[in-house]
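Trainee: Quick one: this structure, given as structure tokens, is what I'll be asking you about.
The values are calculated or read from the model by the stated rules, or taken from the named source; none is laboratory data. Since we're looking at a predicted model, the values are computed, not measured. All Cβ positions, even for glycine, are placed from backbone atoms using ideal geometry, and neighbour counts span all protein chains on display. Note: accessible area is taken over every heavy atom of the protein model, side chains too, but ligands, DNA and RNA are not part of it. Shrake-Rupley method; radii C 1.70, N 1.55, O 1.52, S 1.80 Å.
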Number of protein chains: 4
Amino acid sequence: MCVIIPEIDIYVRYCETDASGHVNNVSYFIYLEEARTRFFQAIGLSKEKRGNVKFVVASAKCDFLAQAYSFQTLTVTTRVSRIGTKSFTLEHTIKDAETGKIIASGSAVIVCFNFQRQQSENIPLPFRVALEKVLVSV
Amino acid sequence: MCVIIPEIDIYVRYCETDASGHVNNVSYFIYLEEARTRFFQAIGLSKEKRGNVKFVVASAKCDFLAQAYSFQTLTVTTRVSRIGTKSFTLEHTIKDAETGKIIASGSAVIVCFNFQRQQSENIPLPFRVALEKVLVSV
Amino acid sequence: MCVIIPEIDIYVRYCETDASGHVNNVSYFIYLEEARTRFFQAIGLSKEKRGNVKFVVASAKCDFLAQAYSFQTLTVTTRVSRIGTKSFTLEHTIKDAETGKIIASGSAVIVCFNFQRQQSENIPLPFRVALEKVLVSV
Amino acid sequence: MCVIIPEIDIYVRYCETDASGHVNNVSYFIYLEEARTRFFQAIGLSKEKRGNVKFVVASAKCDFLAQAYSFQTLTVTTRVSRIGTKSFTLEHTIKDAETGKIIASGSAVIVCFNFQRQQSENIPLPFRVALEKVLVSV
């Protein structure tokens, strides 16, 4: 069985750098968010699959391993590393698109949340099935 | 009659600078937005005064006159320069808090918008009265 | 003679929206900056063409004509509308990539700036030639 | 011996919220950065104390425990939890300024970095002394 690892390319904007001349640490969390939402779209996160449930970030982390610079193209990969009852974990690697050099690695714990009830809920079954298809077995 | 010119102080964050070593042009629009929302709070923009009407930015402009740097304190002043039927215009000056040197000057046209009906509406009367009190007569 | 109008596609990130449910006004200036830097790359803004001269934004403006939403694809076009001695003006249109509906129109005055001398300078000749090739005659 | 726990107040800007109606996860990392740089200023991070050494974020993490909203005032506390040879760790708590309710807790590993040599360096002694004064003994 083939494992899909969605991958996106990101253009580093000038406003995402800082006075140190490199990409600011906050910007990486912007990239992780884009990778996450595009990943959800890639695995078919339709209104049908998630019902009234939305995703809320419970925790986000990023390790900064090398510097990135304006106008550089970064490749961000996303994989599912854990699927729980109400939450799941995504892991990301940010690489230079040209050389493949690893720039950063990040992760996020996502909780299914019902904004009407203002409480967490089980991962909707159709979405769980979609997630399981891309779960990386270690 | 005394004219109130609300004024706020802003701390320049490191992530608001860019690789040119100074504050990025986009960051100034963040400062203008903060000045605007604090101005609305200062003149008493309560739920009662605006009803279902919200504010939408129809146009924003900023002239960058001098550079600003991280950790600098900026003072942003706000004044009302025009009150129309459904919209009004705010003008802002951004100065170095210590020296008073002008860094930038900006403006924004704000439209009263009803998100339920998805259309513009007249400025609610109680809010118009509050705006008129701070209208700068030229 | 053919006129090049560089055009880029932008994916609206979730963090670029605000609690009104639409793209925040500040985010459009991020899009204009990306369009601007990609435009410079498209017309061949190499180190050779600009020497020690860098670009500084002297003024930026955006008119917001319709709302945009997260995950939407926006097309931003860039054209040169004025070439002066030390500065030039770019104009941009932001459209929905699918329907072509105009979302916003913006402009920026760019000044050639020598950071070593901390003063404005003439547009370097090779870069002026590149700009003139894409100047839109009205 | 008295332990200084620097604390700052942050006004939540409208552009820091997202279409879920609450503060976007990325914005918390902006707050952590502001807390960090203000903390450095509070403990007297002068040019003399750090020489050619600058700080680079090696890792950042945030756990999101409750939602925050636009125009809310947040209090961010900072404490030193670890001092190594070339790096140290800061921990932050983000609370609602009025009720004291915990909104988020974050941390960052900071590495001393020499941009001229492009390599990490020992924490400069005068800065280490300043850090030790605020190290929280557990």
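Trainee: Using a Gaussian network for chain D with springs between C-alpha atoms less than 10 Å apart, which of these wobbles most: D:L74, D:L32, D:L65?
Mentor: Taking springs between Cα atoms under 10 Å, the residue moving most is D:L65.
Trainee: Quick one: with all protein chains in place, what share of the accessible area of the protein assembly as shown is carbon or sulfur, to the nearest percent (1.4 Å probe)?
Mentor: Details: 12570 of 24140 Å².
With neighbouring chains kept in place, the figure for the protein assembly as shown is 52 percent.
Trainee: I'd like to check one number: the per residue accessible area of the range B:26-127, probe 1.4 Å, reported in Å² as a whole number. Could you put the intermediate results ahead of the total?
Mentor: Numbers: 4240 Å² over 102 residues.
Using a 1.4 Å probe on heavy atoms only, each residue of the range B:26-127 averages 42 Å².
Trainee: I would also like to ask the following. Quick one: label points 7 angstrom along Cα→Cβ at A:R82, distances to the other copies in nm, smallest first?
Mentor: So the distances to the same position in the other copies read 1.8, 5.6, 5.7 nm.
Trainee: In deg cm²/dmol and to the nearest 500, what is the mean residue ellipticity at 222 nm of chain C if only DSSP H runs of at least 4 residues count, each as -39500 (n - 2.57), divided by the residue total?
Mentor: On the way: 3 runs with 31 residues, N = 138.
Taken over chain C, the calculation gives -6500 deg cm²/dmol.
Trainee: Round to the nearest 10 and give me the degree value, 0 to 90, for the angle of helix C:25-42's Cα axis relative to the longest principal axis of chain C.
Mentor: So the helix axis and the longest Cα principal axis differ by about 40 degrees.
Trainee: Additional query: Can you list residues whose amide H is under 5 Å from C:R82's amide H, if they're 5+ apart or on another chain and H is modeled 1.01 Å from N?
Mentor: Excluding prolines and chain starts, which carry no amide H, the hits are C:T89.
Trainee: Using a 10 Å cut-off on Cβ to Cβ distances, tally the other chain neighbours for every residue of C:37-44 and report the average as a whole number.
Mentor: Mean partner-chain Cβ count within 10 Å for C:37-44: 2.
Trainee: Given the options A:F115, A:F40, A:F64, state which has the largest fluctuation in a GNM of chain A using a 10 Å cut-off (strictly under) for Cα springs.
Mentor: A:F115
Trainee: List the distances, in nm to one decimal, from the label point of D:E7 to the label points of the same position in every other copy, shortest first, placing each label point 7 Å from Cα along the Cα-to-Cβ direction.
Mentor: From this label point to the equivalent ones elsewhere in the assembly: 2.8, 4.9, 5.6 nm.
Trainee: Right, here's the next one. Compute a Gaussian network model of chain D, connecting alpha carbons closer than 10 Å, and tell me which residue from D:R79, D:R36, D:R117 fluctuates the most.
Mentor: D:R117
Trainee: In degrees from 0 to 90, rounded to the nearest 10, what is the angle of the helix B:125-134 Cα long axis to the longest principal axis of chain B?
Mentor: 40
Trainee: From other protein chains only, count the Cβ atoms within 10 Å of every residue's Cβ in C:52-64, then give the mean.
Mentor: Average neighbour count from other chains, rounded to a whole number: 5.
Trainee: In the structure displayed, which of D:K61/D:K101; C:K54/C:K86; A:K54/A:K86; A:K101/D:K61; D:K101/D:K133 lie more than 18 Å apart, Cα to Cα?
Mentor: Flagged as over cut-off: D:K61/D:K101; A:K101/D:K61; D:K101/D:K133.
Trainee: For chains A and C, what's the summed buried accessible area, probe 1.4 Å, to the nearest 100 square angstrom? Write down the numbers at each step before the final one.
Mentor: Numbers: alone 7910 and 7920 Å², together 14450 Å².
Summing both sides, the interface buries roughly 1400 Å².
Trainee: Taking a 1.4 Å probe, which of C:K133, A:K61, B:K54 shows the most accessible area, and what order do the others take after it? Could the numbers behind the result be given before it?
Mentor: Working: C:K133 130, A:K61 60, B:K54 90 Å².
So, going from the largest accessible area down, we get C:K133, B:K54, A:K61.
Trainee: How are the alpha carbon pair distances in chain B distributed across 5 Å bins from zero to the largest one, expressed in percent?
Mentor: 2, 10, 20, 21, 17, 12, 9, 6, 2, 0
Trainee: Another question, then. Average partner chain C-beta neighbours within 10 Å, per residue of A:108-116?
Mentor: Details: counts 1, 2, 0, 1, 0, 2, 0, 4, 0.
Partner Cβ neighbours, averaged per residue: 1.
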